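The numbers here are math on the coordinates, done by the rules we state, and not lab data. Because the structure is a prediction, the values reported are computed rather than measured. FYI the Cβ positions are ideal-geometry reconstructions off the backbone, even for glycines, and counts take in every protein chain you see.
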């Protein structure tokens, strides 16, 4: 009987943690935005900017193909904490947008998100800070 009560407490505790964890990510995603970034697919020597990638308002998590063909991750502490949710967000809710093809050709028409959807605090290497006026 004691084991069952202990198991119930663990299940409730994990459930509460997951609700708080997932619930706390929603406002970060809602207030986030698109960032111009590198996927690592296209390289001259260094990786070229070729994608629009969604990032939450706070925290940063970016996966890219390394020069050796593996995966490199760039993230801050908040990005590591929310990594599973950011990866789901970037693949399902706000899928990454390619704007340069494998042959270095620009995707036409340019699939750029609206300027008001760019990240509100991150520097965009092509437009400066938000709003990009």
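Data overview
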quantity	calculated
Mean ellipticity per residue at 222 nm, deg cm²/dmol - from DSSP H runs of n ≥ 4 across the chain, formula -39500 (n - 2.57)	-9500 deg cm²/dmol
Among (1) 65, 42, 24; (2) 66, 37, 24; (3) 43, 34, 22, the entry derived from the coordinates for Cα extents along the principal axes in Å	(2)
Order of 9, 31 under a 10 Å beta carbon neighbour criterion, fewest first	9, 31
Modelled FRET efficiency - R0 41 Å, residue 58 with residue 3, Cβ distances, 0.05 increments	0.50
Projected label distance in nm at residue 10 and residue 22, using a 7 Å step from Cα toward the beta-carbon	2.1 nm
Extension gain, residue 43 back to residue 30 (0.36 nm per residue minus Cα-Cα distance, nm)	1.5 nm
Fully extended contour minus Cα-Cα distance, from residue 68 to residue 115, at 0.36 nm per residue	13.5 nm
Using alpha-carbon coordinates, inclination of helix 2-30 to the longest axis of the chain, degrees	30 degrees
